[in-house]
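The values are calculated or read from the model by the stated rules, or taken from the named source; none is laboratory data. This is a predicted model, so every value here is computed, not measured. Reconstructed Cβ throughout: ideal geometry from the backbone, glycine too, with neighbour counts over all protein chains shown. These accessible areas exclude ligands, DNA and RNA; they are computed on the full protein's heavy atoms, side chains included. Shrake-Rupley method; radii C 1.70, N 1.55, O 1.52, S 1.80 Å.
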Amino acid sequence: MHHQTVIVVGASSGMGLAAARPFLERGATVWMVARDMERLQNAASSLGSERARVLSADVGSDEGRARIVAVAPQVDHLVITAADLVYKPSQALCEVEVMRAVRSKVVGPYLLAAACAARMPEHGSITLVSGVAAERPIAGGSVTGMVNGAINAMVRGLALELAPIRVNAVSPGWVDTPFWGQVASAERREQLFAAMRDKIPTRRISTVEDVAQMIEVAMTNKAVSGTTLYVDGGQRLV
């Protein structure tokens, strides 16, 4: 991947940060994009590569997408892991909360994919991240299921429209990421993880590295397009 440019949106932590690492190791220049510049700079420093670049931008806004598209005259690969999700019962949600999730996971990525494709060579790829909630929703997580399902449908249409650029989704199950610190105590998180480990076929909670590996497959396997690649330990089956 020497002399190639990769944009990773949502790269300040978790799956996006993990995804950036192998691209740098392969020799690419990686633009790490997220809203919080301080977190981005810390994330880039942790990778220890002079080819890691940082850009503060919001994929859910017109201005943010314009800034992302402008970073390089040619974009070889685009990866979007960013999400601004809400977990509440449907009757407690307002339009602002729902549309924030839709903009971050559906509208923003859709428009950014189309804009970046205009700057991509034929070997280019676009990889979006959906999630197990599209198949296995939970009470209070209907919005997350909705936007993840939209991503899985979106990549099929875009793969046809943008061909030969390849467009795919990676769908994780539960992943051990910093997100869990926002929704549960350490003790509660371990209780939830233990219960899930007992249910799923692999008997393990996925790591951000597992997801990054599947993103790399989606990006580099030239025979994969218009599909959703699952990295959920079989969670969607139980």
Would you please list the contacts, defined by Cβ atoms under 7 Å and residues six or more apart or on different chains, that run from a residue in segment 132-156 that is within 17 Å of D84 (Cα to Cα) to a residue that is hydroxyl-bearing (S, T, Y) and buried (at least 21 other Cβ atoms within 10 Å of the Cβ)? V132/S171; A133/T144; A134/S171; N148/S130; I151/S130
List, please: which pairs have Cβ atoms under 8 Å, are six or more places apart or on different chains, and start with a residue in segment 217-237 that is aliphatic (A, V, I, L, M) and end with one that is open to solvent by 20 Å² or more (accessible area, probe 1.4 Å) and in a loop (DSSP other than H, G, I, E, B)? V217/V224; A218/V224; L237/P201
Among (1) at pLDDT 95 or above; (2) over 26 Å from P22 (Cβ atoms) - the single one V238 does not satisfy: (1)
Under the condition of being over 19 Å from D62 (Cβ atoms), part of a loop (DSSP other than H, G, I, E, B) and aliphatic (A, V, I, L, M), which residue from segment 86-123 is farthest from the chain's Cα centre (by Cα)? L93
Filter segment 84-106 down to residues that are of a type in the set (V, I, T) and either touching a Lys or Arg at 6+ places or on another chain (Cβ under 9 Å) or without any contact (Cβ under 8 Å) to a residue 40 or more places away in the chain (or both) and give me whichever is least open to solvent (accessible area, probe 1.4 Å). V86
I'd like to verify a number: residues in segment 166-185 that are modelled with pLDDT of 80 or more and out of contact with any helix residue (DSSP H, G or I) (no Cβ under 8 Å at 6 or more places or on another chain), how many? 1
Test result for W180, free of Cβ contacts under 8 Å to residues at least 24 places away in the same chain and not polar (S, T, N, Q): yes
Count, please, the residues in segment 133-191 that happen to be more than 14 Å from T228 (Cα to Cα) and open to solvent by 50 Å² or more (accessible area, probe 1.4 Å). 24
For segment 164-238, please list each of the helices (runs of 4 or more DSSP H) lying entirely inside it that holds at least 2 residues being more than 18 Å from the chain's Cα centre (by Cα) and farther than 27 Å from C116 by Cβ. 180-183, 186-199
